[in-house]
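Enquirer: Pasting a structure below so you can have a look.
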Amino acid sequence: RTEIEEDFRQIKDFWQLEDFKSTKFHVIAFHIVMLLVGYLFFQIYTTTEEGSKYCGKTLPVAAKNYTEEGPTPIIIYAGHCFGIFSFWEAMQLVMNCSDEIRAKMEPILSRI
């Protein structure tokens, strides 16, 4: 019972289930299902070798103590296409573009 109550508390508080404001059934149902899927993925992750360090910890504690390792990927998308690149790969793409395209990309890249 204690574990069930803790799971419910996490779903309600950390995932902010009770703060959801929509009144449309399909939106509410989708939101709840996605919250549960995310929570269950965390539970599955704790059973892996990499996630074993979070075993027995709640998701809010794990998220608070999480530190990202390695370079942060950059996602570039245009229309219906996207690519995930390392910072260096993205800079190589920009350097190989024409001056006209680089000028168009400058406002976007200035936000990175």
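The values are calculated or read from the model by the stated rules, or taken from the named source; none is laboratory data. Every value quoted in this text rests on a predicted model; they were computed, and no experiment measured them. Cβ sites come from the backbone with ideal geometry, for glycine too, and all protein chains shown count toward neighbours. SASA here: full protein model, heavy atoms, side chains in, ligands and nucleic acids out. Shrake-Rupley method; radii C 1.70, N 1.55, O 1.52, S 1.80 Å.
Enquirer: Any residue in the stretch 3-14 that is assigned to a helix (DSSP H, G or I) sitting within a Cβ distance under 8 Å of a residue that is surrounded by 14 or more Cβ atoms within 10 Å (Cβ to Cβ) and at pLDDT below 75? List the pairs, counting only those 6 or more apart or interchain.
Expert: Hits for this filter: E6/T58; Q10/T58; Q10/L59; I11/L17.
Enquirer: Could I ask something else about it? Identify all residues within the stretch 28-46 that are surrounded by fewer than 12 Cβ atoms within 10 Å (Cβ to Cβ) and farther than 15 Å from R9 by Cα; write none if there are none.
Expert: Those that are surrounded by fewer than 12 Cβ atoms within 10 Å (Cβ to Cβ) and farther than 15 Å from R9 by Cα: A29, V33, M34, V37, F41, I44.
Enquirer: Identify, by number, the condition in (1) loosely packed, with under 12 Cβ neighbours inside 10 Å; (2) touching a strand residue (DSSP E or B) at 6+ places or on another chain (Cβ under 6 Å); (3) aromatic (F, W, Y) that W88 doesn't meet.
Expert: So the condition that W88 fails would be (2).
Enquirer: Here's another thing I want to ask about it. Which condition breaks for N96 when tested against (1) under 20 Å from the mean Cα position of the chain (by Cα); (2) open to solvent by 100 Å² or more (accessible area, probe 1.4 Å); (3) of a type outside the set (D, E)?
Expert: Evaluating N96 over (1) under 20 Å from the mean Cα position of the chain (by Cα); (2) open to solvent by 100 Å² or more (accessible area, probe 1.4 Å); (3) of a type outside the set (D, E) leaves (1) as the failure.
Enquirer: Something else now. Return a yes/no flag: does the stretch 47-64 have any residue that is open to solvent by 80 Å² or more (accessible area, probe 1.4 Å), within 30 Å of I108 (Cα to Cα) and touching a strand residue (DSSP E or B) at 6+ places or on another chain (Cβ under 9 Å).
Expert: There is no residue in the stretch 47-64 that is open to solvent by 80 Å² or more (accessible area, probe 1.4 Å), within 30 Å of I108 (Cα to Cα) and touching a strand residue (DSSP E or B) at 6+ places or on another chain (Cβ under 9 Å).
Enquirer: On to the next question. Consider T23 carefully, then state whether it is open to solvent by 100 Å² or more (accessible area, probe 1.4 Å), at pLDDT 85 or above, part of a loop (DSSP other than H, G, I, E, B) and within 30 Å of I4 (Cβ to Cβ).
Expert: So T23 fails the test.
Enquirer: Condition first: polar (S, T, N, Q) and closer than 17 Å to Q10 by Cα. Now tell me which residues in the stretch 50-74 satisfy that.
Expert: Those that are polar (S, T, N, Q) and closer than 17 Å to Q10 by Cα: T58, N65.
Enquirer: Which pairs do you get when a residue that is assigned to a helix (DSSP H, G or I), found in the stretch 44-64, comes within reach of a residue that is open to solvent by 60 Å² or more (accessible area, probe 1.4 Å), reach meaning Cβ atoms under 6 angstrom, with the pair 6+ apart or on two chains?
Expert: Correct list of pairs: G51/Y45; L59/F14; P60/F14.
Enquirer: In addition: Pairs under 8 Å by beta carbon, first residue within 15 Å of V94 (Cα to Cα) and modelled with pLDDT under 85 in the stretch 71-83, partner open to solvent by 90 Å² or more (accessible area, probe 1.4 Å) and part of a loop (DSSP other than H, G, I, E, B), six or more apart or different chains?
Expert: Listed pairs, sorted by first residue: I74/I112.
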